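*Asks:* So that we are looking at the same thing, I have put the structure below in structure tokens.
The values are calculated or read from the model by the stated rules, or taken from the named source; none is laboratory data. These figures come from a predicted structure and were not determined experimentally. Quick reminder, even Gly has a Cβ in these numbers, built from the backbone with ideal geometry, and neighbours come from all protein chains shown. The area values use the complete protein model at the heavy-atom level, side chains included, leaving out ligands, DNA and RNA. Shrake-Rupley method; radii C 1.70, N 1.55, O 1.52, S 1.80 Å.
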Amino acid sequence: MDFGLLGLPILRRHYLGLLGGQNCFTVEVPEGVAPPSGMRFEGLRRIHTLMGEMSFALAGRALQIVDWDRTSQFCGRCGAKTTAHATERAKECPQCGFLQFPRLAPAIIVLIQRGHEILLARGRRFESPIYSTIAGFVEPGETLEEAVLREVKEETGITVKDIRYFGSQPWPFPHSLMVGFTASFASGEIALSDGENVDAHWFTANDLPQLPGKLSIARKLIDSFVTKQTQSNSKAKDTSSDPP
Ligand SMILES: [Zn+2]
């Protein structure tokens, strides 16, 4: 569809890249503008569970680029109006030369396993009683592994070991990059001290609470644990039915 046909006023337009051979763009429209008839504006955070993986990735990229562009119109160092860099996706200050690139805030997310159980917590910010993996932002000067150790300790009172990389996911609310890990329980008792979670428990694969949406890396971590448990259970059954 030609965006111009929608008749919306455009403030700024950005190229996003190619998807399936199609050039993709995102445009910023003025705040409060009425949507075309039969359409509405909706928050990505609210509807992302209804989207496919590819549409969510594209919409997330669009949201982050528009947000960065809108908030870097002026130089963060001297306050002069910035201009778009000629070759990079960056804002350049014509007065002092300061460059502003799109921001990314790395956050760790970790699935903690103890034997046949995993530790899930119910966050204060969740409206519904969803239990999820432990997550938190990386602090300046910290490695990802140090962030895992610190966040888990702060949020749950538990110490973990065997921290292993699992995968990552852009999380555009507003500009996180979730870096996923698995870890094993080392020591400690559950103690919710920092106020982020209202509850935390050890759960087995066949007794799980309400979980986060399928697209999230939290859910992928939990699903991979469930798959492994199911496989090892069926293997155990196979062996037990073997003749001695
Ligand atoms: Zn400047």
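*Asks:* With a point put 7 Å past each Cα toward its Cβ, work out how far N23 is from H85 in nm, to one decimal.
*Replies:* That separation, rounded to one decimal, is 2.2 nm.
*Asks:* Here is a follow-up. Considering only V29, V148, V179, give the residue with the highest GNM mean-square fluctuation for the chain, with springs between Cα atoms whenever their separation is below 10 Å.
*Replies:* The residue with the greatest mean-square fluctuation here is V29.
*Asks:* Would you mind working out the magnitude of the charge dipole of the chain relative to its Cα centre, with +1 at each Lys and Arg C-beta and -1 at each Asp and Glu C-beta, to the nearest 20 Debye?
*Replies:* Here the size comes out at about 560 debye.
*Asks:* Across segment 33-48, in residue order, what do the Karplus-derived ³J(HN,Hα) couplings come to in whole Hz, using 6.51 cos²θ - 1.76 cosθ + 1.60 with θ = phi - 60° and x for Gly and Pro?
*Replies:* 5, 6, x, x, 4, x, 10, 8, 8, 9, x, 4, 4, 6, 9, 4
*Asks:* Zone of C78 (label point 7 Å along Cα→Cβ, backbone N under 20 Å): which residues in segment 91-135?
*Replies:* Counting backbone N atoms under 20 Å from the label point, the list is 91-101.
*Asks:* Could I ask something else about it? Counting other Cβ atoms within 10 Å of each Cβ, which trypsin sites (Lys or Arg not before Pro) in segment 1-82 have at most 11 and sit in a DSSP loop?
*Replies:* R40
*Asks:* Distance in nm between label sites at D194 and L50, each 7 Å beyond Cα in the beta-carbon direction?
*Replies:* According to this spin-label approximation, the distance is 3.4 nm.
*Asks:* Further question on the same structure: ³J(HN,Hα) across segment 68-79 via Karplus (A = 6.51, B = -1.76, C = 1.60, θ = phi - 60°), whole Hz, x for Gly/Pro?
*Replies:* 5, 4, 5, 9, 10, 6, 10, 5, x, 9, 10, x
*Asks:* Report the trypsin sites (Lys or Arg not before Pro) located in segment 100-147 that are in a DSSP loop and have at most 15 other Cβ atoms inside 10 Å of their Cβ, or state none.
*Replies:* Sparse-neighbourhood loop trypsin sites (Lys or Arg not before Pro): R103, R124, R125.
*Asks:* Less than 14 Å Cβ to Cβ from D199, Lys/Arg counted +1 and Asp/Glu -1: what total charge do the surrounding residues give?
*Replies:* 0
*Asks:* Related question: May I ask which residue of N206, G195, V148 lies farthest towards the positive end of the charge dipole of segment 131-244, with charges of +1 (Lys, Arg) and -1 (Asp, Glu) on Cβ and the Cα centre as origin?
*Replies:* Final value for the positive-end residue is N206.
*Asks:* Let me ask something additional. Quick one: of the DSSP bridges fully inside the chain, what percent are antiparallel, nearest 5?
*Replies:* 80
*Asks:* Using the heavy atoms of the protein chains and a 1.4 angstrom probe, tell me the accessible area per residue for segment 78-176 in square angstrom. Don't jump to the answer; show the numbers that get you there.
*Replies:* Working: 5440 Å² over 99 residues.
Per-residue value: 55 Å².
*Asks:* Among all stretches of the chain without exposed GluC sites (Glu not before Pro) (DSSP loop, at most 11 other Cβ atoms within 10 Å), which one is longest? Spell out each step's value before the answer.
*Replies:* Details: sites that count: E31, E42, E88, E127, E189.
Longest site-free region, per DSSP loop and neighbour criteria: 128-188.
*Asks:* So which aspartates and glutamates pass the test for K81, namely a Cα distance under 13 Å, with those fewer than 8 places away in the same chain ruled out?
*Replies:* D69, E92
*Asks:* In addition: Decide, for the chain, between rounded, prolate and oblate: order the square roots of the alpha carbon gyration tensor eigenvalues as a ≥ b ≥ c, take rounded if a/c falls under 1.5, and otherwise choose prolate if a/b is larger than b/c, else oblate.
*Replies:* prolate
*Asks:* Now a separate question. Within the accessible area of the chain, what % is carbon and sulfur when the probe is 1.4 Å and the other protein chains stay in place?
*Replies:* 55
*Asks:* For segment 1-98, which chymotrypsin sites (Phe, Trp or Tyr not before Pro) are in a loop by DSSP, counting at most 16 other Cβ atoms within 10 Å?
*Replies:* Hits after loop and neighbour filter: F41, F98.
*Asks:* Given the pairs K161/K237; K161/K228; K161/K220, which span a C-alpha to C-alpha distance of over 27 angstrom in this model?
*Replies:* Over 27 Å apart, Cα to Cα: K161/K237.
*Asks:* Let me ask something else. Quick one: grab the alpha carbon gyration tensor of segment 100-144, order the square roots of its eigenvalues as a ≥ b ≥ c, and give me rounded if a/c is under 1.5, else prolate or oblate depending on whether a/b is larger than b/c.
*Replies:* It comes out oblate by the Cα gyration axes.
*Asks:* Given axes a ≥ b ≥ c from the Cα gyration tensor, I'd like to know whether segment 128-222 is rounded (a/c under 1.5), prolate (a/b larger than b/c) or oblate.
*Replies:* rounded
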